[in-house]
Amino acid sequence: MYSRRGFLGTAFALSCMTLHANAGAPIELRIASVGDELAFEPDHLTCPTGASVRLIFHHAGEIISDPHNWVLLKPGTEAAFFADADKQSDVKAIPDGDAAMVLTATPICGKGEITMVDFVAPAPGQYTFVCSVPGHGETMQGVLTVTV
Ligand SMILES: [Cu+2]
């Protein structure tokens, strides 16, 4: 007979195999600000679930001194996160109290600088990424598609 414990054990073993299958191929994703505009380029990224991802962000601005960052949000948190990010008086990568909304984030990045973050790609799906600097998230956002 197929016990509940046996089924869960099998499912766990299969998910570990999936992670192993992707773990050998680290992926580098590159993204930048569109010069001094409040936008990301590209605004759509893709990676497979379980992959070891290095996200490299370049602040390509030359005039405006506002910093930027790249924050990957858990699905469904977008509206609440934008509201909190826009209220920040001193800019942090993640607004106080919002850590549970965030999957991963780069540090704040100054004009002309490059920053990065390493993370393991989450479950397949569509994930919004944003810049959390006040006033930026409305237009400075995009989607990471995580494939099976
Ligand atoms: Cu920004």
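The values are calculated or read from the model by the stated rules, or taken from the named source; none is laboratory data. Only a predicted model underlies this, so the values are computations on that prediction, with no experimental measurement involved. Here the Cβ is made from the backbone with ideal geometry for all residues, glycine too, and neighbour counts use every protein chain on show.
Considering ALA85, ALA100, the condition of being aliphatic (A, V, I, L, M) and farther than 18 Å from ALA39 by Cβ is satisfied by ALA100 alone. Within the range 109-120, one or more residues are of a type in the set (Phe, Trp, Tyr) and modelled with pLDDT of 95 or more.
If the condition is being away from the ligand (no atom under 16 Å from the Cβ) and loosely packed, with under 15 Cβ neighbours inside 10 Å, then the range 121-142 contributes ALA123, PRO124, GLY125, GLN126. For the range 119-130, the set of residues classified as within 24 Å of ASP66 (Cα to Cα) and in contact with a Pro (Cβ under 9 Å, 6 or more places away or on another chain) consists of THR128 only. Residues of the range 92-108 that are surrounded by fewer than 17 Cβ atoms within 10 Å (Cβ to Cβ), modelled with pLDDT of 95 or more and within 16 Å of the ligand (Cβ to nearest atom): PRO107 alone.
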